[in-house]
Amino acid sequence: MGKLYPILSLALAVGAMTACKPQENMKELVSKLNQEQKVLLMIGTGMELADGNVGKTKLKVPGCAGTSYAIEEHAIPAIVFADGPAGVRIDPTRENEPGKTFYATAFPVGSLLASTWDPEVAKTVGNSFGDECNAYGVDILLAPGMNIQRNPLCGRNFEYYSEDPLLSGKISSGFTQGVQAMNVGVSIKHFVANNSETNRMDVNENISERAMREIYLKGFEIAVKEGKPWTVMSSYNLLNGTYTSERKDLLETILRNEWGFDGLVMSDWYGGKDAVAQINAGNDLLMPGTSDQQDSLISALKSGRLSKETADRNLERMLGIYRKTGSWNGRVTTNIPNSTNNANVSKTAATEGMILLKNNNKVLPIASTEGNIALFGLGSYETIKGGTGSGDVHASKVIHIFEGLENAGFSLDQDLKEMNLKYNKQQHDLIPEKKGWWLPDSLIDDMQLSEEEISAISKRTTLAIYTISRTSGEFYDRKEKNDFQLKAGELELLKLLSKVYHAQNKALVVLLNIGGVIETASWKELADAILLTWQPGQEAGNAVADMLSGKANPSGKLTMTFPVNYADAYSSRNFPGKAMGKIRYLFGSLPSQETEVDYQEDIYVGYRYFETAKIPVSFPFGFGLSYTSFSYEMISADKKSDGNVQVKFKIKNTGSVAGKEVAELYVQSPKGKLSKPALELKAFQKTILLKPGEEQTIDLTVTPYQLSSFDEETHSWILEKGDYVIQVGSSLHELPLNATITNEETKVTLKTTPSLIPTANIQKLQF
Ligand code: BGC
């Protein structure tokens, strides 16, 4: 398997460089394939499951997520698919190559990458992913994960970018361009509305056409049109009664006909139930591939349930993508990525996306000469680099926060450090083995100390830093208690640290080493400064040290709202849905149950809801502080003859250190036939590094289509008549500039084909 015929592959490689559409030239090749070969290409080669159920063939790159069949007779090589969003996920060691290692760089998780608000950073990170894929022989990277963070508890929110589709689409596009510039394809995933993990293969999501178009599809639309991903991964869930991988209106009508996608659609791993319906719907490849799928496709081709035309069409586009890959074009697998550069990229991205949530009395930055620092919390000593499951990476190392601070010359209280290291080790030994491979990893509790002990430590230190950590991952959602909310021990420790350090006029800094939103409103007053470090990848400690020392100036902004209470999120009323019916067991042990969920909040997801319903939040969307300050001045908004609105304004660094600012442009649209959220993000831009006193003119364009809303009655995007108030500033709650544009006549900006029509009667939230 996988053997290439060099001469033919070289000829095809040259062909791949011409400007024709990927599937052109593939007709002839497909016409030469026999029925068995066609079916083999429609399914992957299977995989070695964690429970020992070994697939049909070994994976081409050990630990990758899947491989396609090679058809040697026609010089079609096996294509390699590997996760994922935070780094190239392959096995770090191989039985047959003892002594060698195959570690990959762990990059910051998706939420952090998006918090940079900088598609260029995402592009640079994407380049490094591409480099690692090439080094390890990976053709298609199963990333970016770009589902909407609909609810704070989704177990995979860390892999995803935002509660806002524009931001999600733009970051995905940047990342995609970065990876694909290295001749490695991406698979944007999970298409679409994979917004929870509980019963993810059996959950039916009832979502209105408008919410689909404006929220859940929008990010993918931007990513497809601007990023031009080679592949798309359909999701596990059912949407309005049908598996997404079996929906022709999703995979053909919307994705290909409306958006112009001309690549390959693959299923999520073991996703969907009816292989023939999937292939007919335009889900070209079934991953990782099973023999049952093979049997049903062969019978379907014989019976005509799957026509030769459909099969050939799918295969042409599949091979059109395959021929662009490294495996097809004779790339040499060196197994030596550019790790030093990639680690630097990982660290820089981490510093660009960490968010300063609070900084009273400018306690940060701190000089490394400041004195002794007392470092508390598990995450200070065992920093969580990223989440679990397919979003995890096998990195050679993680620089923990204590190591990063020491590397940067900070002096830490050594007794406290030794106590923590010893305690953590003991606690690990006590953790019982997980009862199922798919169950969450449990983090050990932070070491608790009495007031007397803290008091003694405080006398010999100048500052306390407490790191609060969380982990989560595939197969399960997070819980409100002890996860969204602080654990009792964490709260207790926070209170004691605050009391003891503040009594001596010393500061308490909290670091949030988390992958998703947690409760902050009830305790944030206890801390002087809060830095949201996210799960920052393998360079965690070094990046944190740069932030705390001021070597890097925070410029990340929240890409989701931090609510006061979990219950404030409207989706908490129905997340993760109502399970009913019989439990089935996947892979022998993972329970799954039919589940129904109505997306009652409709388009009012995240800040669109909090802002419209005027619900107070702990930290608003778009929020993030800096060690410097910025002023916003001189807005102008011009409507051009093509209807585009050009918005210009100036940002000036009014503080005393260099820094970058994210300018956010929101629009308040007129209420007309359709209700509208109070504000919606329509454009954004991060400035260059502005020196004190330096200013930059920001020039943003918003198109009539971007300003439109989706009208279900006519299945079209309409720009309603009335005033569009453009508001610009540093976060949803800090919008000093505004300008108004008037639209005289309601017009249709884009007509669509009626698709994804709900079958259930959804009780939608209305304003
Ligand atoms: C995940 C995908 C992943 C795939 C392959 C699935 O369980 O949902 O995101 O790419 O596995 O590992």
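Would you mind calculating the gained length between THR742 and TYR585 on full extension (0.36 nm times residue separation, minus the Cα-Cα distance), in nm to one decimal?
On the way: separation 157, 0.36 × 157 = 56.52 nm, distance 5.67 nm.
Stretched fully, the THR742-TYR585 segment lengthens by 50.8 nm.
Please name which of MET212, TRP259, MET233 has its Cα lying farthest along the dipole of segment 193-316 towards the positive end, using unit charges on Cβ (Lys, Arg +1; Asp, Glu -1) and the Cα centre as origin.
With unit charges placed on the Cβ atoms, the residue in question is TRP259.
With every protein chain kept in place and ligands, DNA and RNA left out, what is the accessible area per residue of segment 487-640? Probe 1.4 Å, answer in Å².
Accessible surface, normalised per residue, equals 34 Å².
Magnitude of the Cβ-charge dipole of the chain, K/R +1 and D/E -1, about the Cα centre, nearest 20 debye?
On the way: 79 positive and 91 negative charges, 161 e Å.
Approximately 780 debye in magnitude.
If contacts are Cα pairs under 8 angstrom and at least 6 residues apart, what is the relative contact order of the chain in percent? Could the numbers behind the result be given before it?
On the way: 1962 pairs, mean separation 114.0, N = 767.
The value is 15 percent.
Note the full-extension length gain between GLU480 and SER299 as 0.36 nm times their separation in residues minus their Cα-Cα distance, in nm to one decimal.
On the way: separation 181, 0.36 × 181 = 65.16 nm, distance 4.78 nm.
Once the chain is fully extended between GLU480 and SER299, it gains 60.4 nm.
Starting from the Cα of VAL363, step 7 Å along the direction of its Cβ; do the same at SER631; then give the gap between the two resulting points in nm.
With each label point 7 Å from Cα toward Cβ, the separation is 3.0 nm.
Cα centroids of segment 154-199 and segment 284-339: how far apart, whole angstrom?
Between the Cα centre of segment 154-199 and that of segment 284-339, the gap is 22 Å.
Using modelled amide H (1.01 Å from N, peptide plane; none on Pro or chain starts), what sits under 5 Å from the amide H of ASN372, excluding residues fewer than 5 places away?
Amide H to amide H, under 5 Å and 5 or more residues apart or across chains, ASN372 pairs with THR462.
For segment 189-233, report the accessible area per residue in Å² (1.4 Å probe, heavy atoms, rounded to an integer). Spell out each step's value before the answer.
Numbers: 640 Å² over 45 residues.
For segment 189-233, the solvent-accessible area averages 14 Å² per residue.
Once you've got the Cα coordinates, tell me which of LYS32/LYS308; LYS32/LYS58; LYS721/LYS747; LYS58/LYS397 are over 18 Å apart.
Details: LYS32/LYS308 13 Å; LYS32/LYS58 27 Å; LYS721/LYS747 8 Å; LYS58/LYS397 27 Å.
Going by Cα-Cα distance, LYS32/LYS58; LYS58/LYS397 fall outside the 18 Å limit.
Return P(r) of segment 386-480 (all Cα-Cα pairs; 5 Å bins starting at 0; whole %; ordered from short to long distances).
Whole-percent P(r) values from 0 Å outward: 2, 9, 15, 20, 19, 14, 10, 7, 2, 0.
Run the simple label-point estimate for GLN763 and LYS434 please: 7 Å along Cα→C-beta, distance reported in nm.
Distance between the two pseudo-spin positions: 3.7 nm.
Which trypsin sites (Lys or Arg not before Pro) in segment 406-462 pass both tests, a DSSP loop state and at most 14 other beta-carbon atoms within 10 Å? Write down the numbers at each step before the final one.
Details: sites: LYS417, LYS422, LYS425, LYS434, LYS435, LYS459, ARG460; in loops: LYS434, LYS435, ARG460.
Of the trypsin sites (Lys or Arg not before Pro), the ones in loops of segment 406-462 whose Cβ has at most 14 other Cβ atoms within 10 Å are LYS434, LYS435, ARG460.
Compute, for segment 640-683, the length of the dipole vector about the Cα centre, with Cβ point charges of +1 (Lys, Arg) and -1 (Asp, Glu) only. Units Debye, rounded to 20. Don't skip to the answer; put the middle values down first.
Details: 9 positive and 4 negative charges, 29 e Å.
Computed about the Cα centre, the dipole is about 140 debye.
Through the Karplus equation 6.51 cos²θ - 1.76 cosθ + 1.60, θ set to phi - 60°, convert the phi angles of segment 417-426 into ³J(HN,Hα) values in whole Hz; use x for Gly and Pro.
4, 4, 4, 5, 4, 5, 4, 4, 5, 4
Fully extended, how many nm does the chain gain between ASN505 and SER411 (0.36 nm per residue separation, minus their Cα-Cα distance)? Present the calculation step by step, with values, prior to reporting the outcome.
Numbers: separation 94, 0.36 × 94 = 33.84 nm, distance 1.95 nm.
Result for the pair: 31.9 nm of gain on full extension.
Calculated from DSSP H runs of 4 or more alone, at -39500 (n - 2.57) each and per residue, what is the 222 nm mean residue ellipticity of the chain, nearest 500?
Values: 19 runs with 194 residues, N = 767.
Estimated from H runs of four or more residues: -7500 deg cm²/dmol.
Between the helical axis of 291-303 and the dominant principal axis of the chain, each derived from Cα atoms, what acute angle in degrees is found, rounded to the nearest 10?
With rounding to tens, the tilt is 40 degrees.
Give the residue from ALA527, GLY581, SER571 lying farthest towards the positive end of the charge dipole for segment 513-612; charges sit on Cβ (+1 for Lys and Arg, -1 for Asp and Glu) and the dipole is referred to the Cα centre.
Ranked along the dipole, the leading option is GLY581.
Skipping prolines and chain starts, which residues have an amide H placed within reach, meaning under 5 Å, of the one on THR388, given they are 5 or more residues away or on another chain?
Under 5 Å from the amide H of THR388: SER472, GLY473, GLU474.
For a quick check: with amide H placed at 1.01 Å from N, whose amide H comes under 5 Å from ASP598's, ignoring anything fewer than 5 positions away on the same chain?
Residues meeting the criterion, in which the H sits 1.01 Å from N, are ASN206.
For the chain, which whole-number percentage of the solvent-accessible area (1.4 Å probe, protein heavy atoms only) is attributable to carbon and sulfur atoms? Could you put the intermediate results ahead of the total?
On the way: 13970 of 27520 Å².
After summing per-atom areas, the C and S share lands at 51 percent.
Return the sequence-ordered ³J(HN,Hα) values of segment 544-550 in whole Hz as given by the Karplus equation 6.51 cos²θ - 1.76 cosθ + 1.60 applied to θ = phi - 60°, using x for Gly and Pro.
Calculated HN-Hα couplings, in order: 4, 4, 4, 5, 5, 7, x Hz.
The values are calculated or read from the model by the stated rules, or taken from the named source; none is laboratory data. Since the structure is predicted, the reported quantities are computational estimates derived from the model, not experimental observations. FYI the Cβ positions are ideal-geometry reconstructions off the backbone, even for glycines, and counts take in every protein chain you see. These area figures cover heavy atoms from the full protein model, side chains too; ligands, DNA and RNA do not enter into them. Shrake-Rupley method; radii C 1.70, N 1.55, O 1.52, S 1.80 Å.
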